[in-house]
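Please read the structure below before turning to the comments.
The values are calculated or read from the model by the stated rules, or taken from the named source; none is laboratory data. Given the structure is predicted, the values throughout are model-derived calculations rather than measurements. Quick reminder, even Gly has a Cβ in these numbers, built from the backbone with ideal geometry, and neighbours come from all protein chains shown.
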Amino acid sequence: MHMKTFEDVVGFHGHSCPGLAIGYRVSLVALKTIGRRARDEEMVAIVENNSCSVDAVQVMTGCTFGKGNLIFRDYGKQVYTFIKRLSGEGMRISVVWAFPETDEEKRMWDRYIKGERFEEVLRVVHGRKSKKTEMILRAGDDELFAVTRRKMVVPDEAKIYASLRCAQCGEKMMESRARVKNGEIVCIPCFET
Ligand SMILES: [Zn+2]
Ligand SMILES: [Zn+2]
């Protein structure tokens, strides 16, 4: 199978952005070191955020939520870990790159995140975004990442769970997600209402 390109990633995600570029570059490092795109579950990715970058990781590495070899840890960090199941060979990629923005870009970005959508703000924010994306795509691996490699413990393989039927809405859920409410087995949405 030939290597996926940044265009493939943009096609999947819907737009080009700095986060996607980061995920693309992270994946290239992982594939270079840890091995080929995962057809099955031989490679596991652990991502510590759920931003745009994770879409690139899924397309490039073949580690996906659906296959269960993409694990999300909600730490809000730009850290990506890849582990080869058979050997336990692992690498942790932490993003260290910082965008060298101009004072104007910083000022306009601050206004943008406060909700301002004036023409002058949008123009700068747009330019900032594509400039940042370009810089990430062109930067060296060393400028972008701090990488550590070591043996790692692989999380459990994707399991097939038994399913139960919710006593309230009648829909099925995974056994491990069932809750008990007033002595009945219910799903989480019914449990919480
Ligand atoms: Zn995006
Ligand atoms: Zn229910």
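Here are the numbers:
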quantity	calculated
Subset of the stretch 138-193 (residues that are part of a loop (DSSP other than H, G, I, E, B) and charged (D, E, K, R))	ASP156, GLU157, LYS159, GLU171, GLU192
Any helices (runs of 4 or more DSSP H) falling wholly within the stretch 1-118 and containing at least 2 residues that are crowded, with 18+ Cβ neighbours inside 10 Å and in contact with an Asp or Glu (Cβ under 9 Å, 6 or more places away or on another chain)	6-13, 18-34, 53-61
Residue check for PHE99: away from ligand 1 (no atom under 16 Å from the Cβ), aromatic (Phe, Trp, Tyr) and under 23 Å from the mean Cα position of the chain (by Cα)	no
Subset of the stretch 177-193 (residues that are touching a helix residue (DSSP H, G or I) at 6+ places or on another chain (Cβ under 8 Å) and not β-branched (Val, Ile, Thr))	ARG177, ARG179, LYS181, CYS187
Qualifying residue in the stretch 112-119 (condition: within 23 Å of LEU20 (Cα to Cα), within 23 Å of the chain's Cα centre (by Cα) and not assigned by TED's automatic domain parsing to the domain that holds GLU48)	yes
Pairs, first of a type outside the set (Asp, Glu) in the stretch 134-152, second surrounded by fewer than 10 Cβ atoms within 10 Å (Cβ to Cβ), C-beta under 7 Å, six or more apart	none
Conditions (1) surrounded by 12 or more Cβ atoms within 10 Å (Cβ to Cβ); (2) not assigned by TED's automatic domain parsing to the domain that holds ALA21; number of the one not met by SER176	(1)
Subset of the stretch 53-94 (residues that are under 13 Å from the mean Cα position of the chain (by Cα) and touching a residue at least 60 places away in the same chain (Cβ under 8 Å))	ASN69, ILE71, THR81, ILE93
